[in-house]
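See below for the structure under consideration.
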Amino acid sequence: MWKRLRDRFTQRTQKHITSGQLANSFDRRAIVIGGVQAGVGVLLATRMTWIAVAENEHFKTLSESNRVNLSLIPPRRGLILDRNNQTIAANQQYYRVDLIPERVPNLQETLGQLGQILSLTPAKLQDLKDKIEESQGFQPVEISARLERSQFDAINVRLPELPGVLPQRGFTRLYPTGPSVAHLVGYVGPATADEYKKDRDPLLITPGYKVGKDGLEKQFEQTLRGVPGARRTEVTANGRVVRDLEMRDDVQGNPIKLTIDGALQDFAARRIGLESAAVVVIDCDTGGILALCSMPAFDPNSFIGGIGRVEWKMLNDDDHIPLLNKALRGLYPPGSTMKPMATLALQLHGVEPEERVSCPGGYRLGNRFFRCDAVHGSVDMRGAIEHSCNTYFWSMAHRVGYDAIAPVAKMLGLGQEFDLPISSQRYGTIPDAAWKMRRYKQEWSAADSLNASIGQGYVSVSPLQLAVMTSRIASGKNLQPSLIHGHAKPFGPSFPFTPEQLSVAHDGMFRVVNGSGTGVGSKLPFPDIQMAGKTGTAQVRALVARGHVGDWKSRDHSLFVAYAPADKPKYAISVVVEHGTFGARAAAPIAKDVFTYLFDPAKAWAILLEMEKGWGGTPSERMASKYRAYTAAYGTSAAKVGGDKAVEDAKDKAEKAATPPDKIVNDVIVPRSEVDATKGTPAPAAASTPAPAATPQAEAPQ
């Protein structure tokens, strides 16, 4: 078989092929190859025709995009104005430089060059590296938003050596009074990666664009934002700008006008000085909030580009808690500032103002004697306010019960939330029998009434609530606090108090300052203008550490509420100084100077500027000095900030640390961790946490 196959193959290979056959074979192959080539040519020609004709506009656009760059222009934020049209939050023209990490081939080399050009300290360079780590690759990172013109020019000259670096001109937010408005206005900052992923709006990653992060800036973000502009520029192959071709201007955001008096806000905040305090001033005619201060505070200008490590450590180390908005979210026992309110409640329940109570220096409840701060002798209702006699209010509260007083406290604004355009308020607690039963499953006791009647025990309120209470007592009107100018809220339901009943509280408060009361050292320096007020000293720790005794955190809170002029109330104020000792010692002098400013600004500024010399300058100057000291001490070793979440966590921690205990019993602080102080809803008490037996707490001299 194999032989036959081999012979057949040999015969075929040795077969004679003529020249004609070879020619025919070549022609056939040439035709096939030529046909294939022609087909490919036709396809190429067709495709080229399609590209040149049908898709001409598409590829023209792509080609143009290589030569022309289209970029968004961040819109200018709307202004935040005070009642006199003075800017509280403005826009400032600036030179800035950003960096897009994903476009930088050698990050360390680029940062080194920028550090030399911009004279960045090691701490600033470390902050910059932190921001780059937190950002996404496409997200621009602000290097500096306030360059000198010479620095801006130096960056532009070196642009070919600095890929990914974007110098530009634009507008940045500016808070002229800095820390004075920090807690009121809030601040702006770059959008986070999470915010961009949620929104996918390209504006959020546009270099220079900022969003509201806190306060009114956050609450009115959509109003203040505006509409972005656009710019078409001719660029080289490596992205360098050759010339501007076309520009569409941005549309500035809408302004917001507040009831706040900006100059008063700045004065009151600065007058707090080195204390940890809150000041709230309310217009007694309209309910408009004229000042809402909490100090110390942070500088919102520092937060615009993202706060650095050193300043973050500085804020967190401060035991005065600059991150806490004490005016809205600080809770304090009101102490004797509740006594004018209590007299209105007592009158509603049949107590005659002329009825006298003998004060032998205290009050006996059962087999215990609780000392007043002095032996006041025989006092009536007006005298009890004037001399802040605890014995009088203990006696009356024991007679009528605190359940008669609590509704009036709530009616006048204590323990209440108000309809204001702010992110959150804290209710505090105005206790009563029903509250204690819900909380502890126990009956209200006589000792509880004694505690609550002098603003101690379970009672806690905010400085804003105290100011509202004072404005309502002063005016006799159910004023509703407002913050947006031109949008005053209508009065609430009329109060059940007669003019004669209100006059008792007014007379007592007048005598506190202008008679022989606890606030006589804070009379106004005007012969024709007087204020009426009430001091308060709120117990913080055990009875052995009253007033100025012990370390700072163990000292009592100092409170003062007042209105002026006394004969025709125009302004109401509350001042709370944390651990300031007696009300007359720390809080009342601040109120006196704030009222002095309202009636004679020049006189008040002269007093304040002299004080600031002893304090080390303005709040901004003191912060700058402290920052330099921290930079020298910690440099780049301070802990990393951790972004917006770290700021929010720090605020929450500060609020929890500042929340007062429910009460003090036998020198033991009973925690109020079970209470939701933000929403004002008592949480169920743990079965293992019974209510303690109450011990009345004497208030210190004020």
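The values are calculated or read from the model by the stated rules, or taken from the named source; none is laboratory data. Please read these numbers as outputs of a predicted model, since none were measured by experiment. For neighbour counting, all protein chains shown are included, and Cβ atoms are generated from backbone atoms with ideal geometry for every residue, glycine included. Note: areas computed on protein heavy atoms with side chains; ligands, DNA, RNA excluded. Shrake-Rupley method; radii C 1.70, N 1.55, O 1.52, S 1.80 Å.
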Shape of the stretch 62-204, Cα gyration tensor, a/c cut at 1.5: prolate
Could you tell me whether the stretch 272-323 comes out rounded, prolate or oblate from its Cα gyration tensor? Rule is a ≥ b ≥ c as square roots of the eigenvalues, rounded for a/c under 1.5, then prolate if a/b exceeds b/c, otherwise oblate. oblate
Amide proton proximity set for K570, modelled H, under 5 Å, gap of 5+: A564
Percent carbon-and-sulfur accessible area, the stretch 127-213, ignoring ligands, DNA and RNA, probe 1.4 Å: 48 percent
Between Y634 and R200, the FRET efficiency computed from the C-beta separation at R0 = 51 Å comes out, to the nearest 0.05, as 0.85
Between K129 and N84, Cβ-based FRET efficiency (R0 41 Å, step 0.05) works out to 0.40
Largest-first principal axis extents, alpha carbons of the stretch 400-454, Å: 40, 22, 15
Convert each backbone phi in the stretch 418-431 into a coupling constant with the Karplus relation 6.51 cos²θ - 1.76 cosθ + 1.60 (shift: θ = phi - 60°), then list the ³J(HN,Hα) values in order as whole Hz, x for Gly and Pro. 10, 7, 10, x, 10, 4, 6, 10, 10, 6, x, 9, 10, x
Can you spot the lysines whose alpha carbon is less than 24 Å from K441's alpha carbon? Ignore those fewer than 8 places along the same chain. K410, K663, K679
Provide T121, T631 ordered by accessible surface of protein heavy atoms (probe 1.4 Å), highest first. T121, T631
Roughly how many Å² of T177 are accessible to a 1.4 Å probe, to the nearest 10? 50 Å²
Bin width 5 Å, origin at 0, all Cα-Cα pairs of the stretch 562-610: what percent of pairs per bin? 5, 21, 25, 21, 20, 7, 1
Enter the Cα centre distance for the pair the stretch 262-308 and the stretch 140-159, rounded to the nearest angstrom. 33 Å
³J(HN,Hα) across the stretch 258-275 via Karplus (A = 6.51, B = -1.76, C = 1.60, θ = phi - 60°), whole Hz, x for Gly/Pro? 9, 6, 4, 8, x, 5, 5, 4, 5, 5, 4, 5, 6, 5, 4, x, 8, 7
Find the centroid of the Cα atoms in the stretch 318-375 and in the stretch 113-135, then give the distance between the two in whole Å. 54 Å
Kindly write out, for the stretch 622-632 in residue order, the coupling ³J(HN,Hα) from the Karplus curve 6.51 cos²θ - 1.76 cosθ + 1.60 (θ = phi - 60°), rounded to whole Hz, with x marking Gly and Pro. 5, 5, 5, 5, 5, 5, 4, 5, 5, 4, 5
Cut-off under 5 Å, modelled amide H: who pairs with G377 long-range: C359, G361
Subset of K218/K523; K213/K613; K326/K570; K534/K653; K626/K656 violating a 29 Å alpha-carbon distance limit: K218/K523; K213/K613; K534/K653
